[in-house]
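A quick write-up on the structure given underneath.
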Amino acid sequence: MTFWLIAVALEVVLGVAFLLSGAESAIDTGLSKAGIDFGSDLLTAARVLVVYPAALLGIALALGQVAAPDLAVLFVARIKGGRPLLHAVRRLFRPWSKDVGPRRGVRIWVTVLVVFSLCNVASGVLHHAFIPRDFTWHLSWSMVALLPVAMFLDAGALLEENGWRGFALPVLLRHRGPLAASIIVGLAWATWHFPVKYDAFTEYGLWEGLAYLGAFTIKIVAMSVVITFFWARAGQATLLAITMHGLSNDVARVGGFADGSTWQSSAISELDLAVPFIILAFVLVPYANRKGWGNLSGLSLE
């Protein structure tokens with residue numbers, strides 16, 4: 001709870017600074033000069049900076065806001081755990097554990113790449129079926145070229161996961177089962193986003209905004225359960241969690257692009273993204289309960 005409250009507080013403070021500084025306008029100008037659309041990846045941020053250095057403050061504030069969960073770990077370490085806690089979190093920043101090994105680890109990574117890409121494609125099919133007017137899908141080789149960017153350079157994934165799966169999930173696993181811990185992390189992860197989604201209420205209205213945020217929360221919780229499964233199978237590997245988070249954000253547009261013009265289409269879009277992960281969760285959880293989730297040890301400070 002301390003970690004979550006600090007993460008939300010940092011997000012709000014940096015978000016207010018972002019709005020008051022006029023940084024959003026500077027970033028929009030940079031995107032226009034670069035001739036590119038907004039993307040949550042660091043490559044897009046670098047391209048904006050090259051053509052419009054005046055966007056530096058805005059990009060720094062935006063990245064700081066995104067990094068609030070990771071920054072919150074530093075604050076918690078300062079308050080409670082000190083260096084042992086940071087060392088414990090740092091030890092999980094790996095592609096797989098020694099017990100898993102490279103051969104099995106690579107198989108898990110390939111499985112994750114295929115599974116999450118198929119989830120994106122499935123969501124695109126659902127978008128096309130249910131919100132065709134708000135959906136575009138341009139298949140091109142650039143998707144393949146951008147997959148490494150999605151996997152390793154998505155800002156949200158790279159700057160959040162030391163908080164969600166590097167710290168919060170292992171802490172919860174000390175006293176909770178994997179499913180309960182995954183759901184709690186999913187709820188924390190989803191609600192942490194709420195302050196930056198305030199425009200859902202100004203644009204859609206109170207109840208409509210709540211409906212949209214409800215759909216968004218369902219998606220995040222379902223993703224959290226699936227991420228926990230593969231994260232644990234790889235031996236509590238934060239780098240793999242970063243990749244899964246990045247693939248789900250899909251800056252490569254493997255699943256196309258949905259731009260909800262109404263609260264209904266926005267909510268349906270989130271549910272379309274949720275459905276493949278909900279189905280996966282119903283398949284993986286019983287399997288994991290029978291065969292084992294993998295490494296589920298709680299965070300050790302020794």
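The values are calculated or read from the model by the stated rules, or taken from the named source; none is laboratory data. As the structure is a computational prediction, the values presented were derived from the model and not from experiment. Neighbour counts are summed over all protein chains in view; Cβ atoms, including those assigned to glycine, are modelled from backbone coordinates with ideal geometry. What goes into the accessible areas is simple: the full protein's heavy atoms, side chains included, and nothing from ligands, DNA or RNA. Shrake-Rupley method; radii C 1.70, N 1.55, O 1.52, S 1.80 Å.
Key figures for this structure:
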{"item": "Cβ pairs under 6 Å, 6+ apart, first in the stretch 261-272 and under 15 Å from residue 199 (Cα atoms), second in a loop (DSSP other than H, G, I, E, B)", "result": "266/260"}
{"item": "Subset of the stretch 220-265 [among the polar types (S, T, N, Q), over 19 Å from residue 114 (Cα atoms) and out of contact with any strand residue (DSSP E or B) (no Cβ under 8 Å at 6 or more places or on another chain)]", "result": "236, 261, 262, 264"}
{"item": "Residue match in the stretch 77-91 (condition: buried (at least 17 other Cβ atoms within 10 Å of the Cβ) and under 25 Å from residue 39 (Cβ atoms))", "result": "no"}
{"item": "Residue, farthest from residue 88 (Cα to Cα), within the stretch 270-302, restricted to residues that are aromatic (Phe, Trp, Tyr) and open to solvent by 60 Å² or more (accessible area, probe 1.4 Å)", "result": "282"}
{"item": "Residue that is of a type in the set (A, V, I, L, M, F, W, C), open to solvent by 60 Å² or more (accessible area, probe 1.4 Å) and under 19 Å from the mean Cα position of the chain (by Cα), where the choices are 74, 118, 20, 56", "result": "118"}
{"item": "Of residues in the stretch 98-115 being of a type outside the set (Phe, Trp, Tyr) and crowded, with 17+ Cβ neighbours inside 10 Å, the one nearest to residue 227 (Cα to Cα)", "result": "112"}
{"item": "Qualifying position, being in contact with a Phe, Trp or Tyr (Cβ under 8 Å, 6 or more places away or on another chain) and either closer than 17 Å to residue 154 by Cα or of a type in the set (A, V, I, L, M, F, W, C) (or both), among 66, 48, 76, 13", "result": "76"}
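Residues are listed down the side, and each one gets a yes or a no for (1) touching a residue at least 40 places away in the same chain (Cβ under 8 Å); (2) within 30 Å of residue 3 (Cα to Cα); (3) acidic (Asp, Glu):
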| site | (1), (2), (3) |
| --- | --- |
| 16 | no, yes, no |
| 34 | no, no, no |
| 38 | no, yes, no |
| 42 | yes, yes, no |
| 57 | no, yes, no |
| 66 | yes, yes, no |
| 78 | no, yes, no |
| 101 | no, no, no |
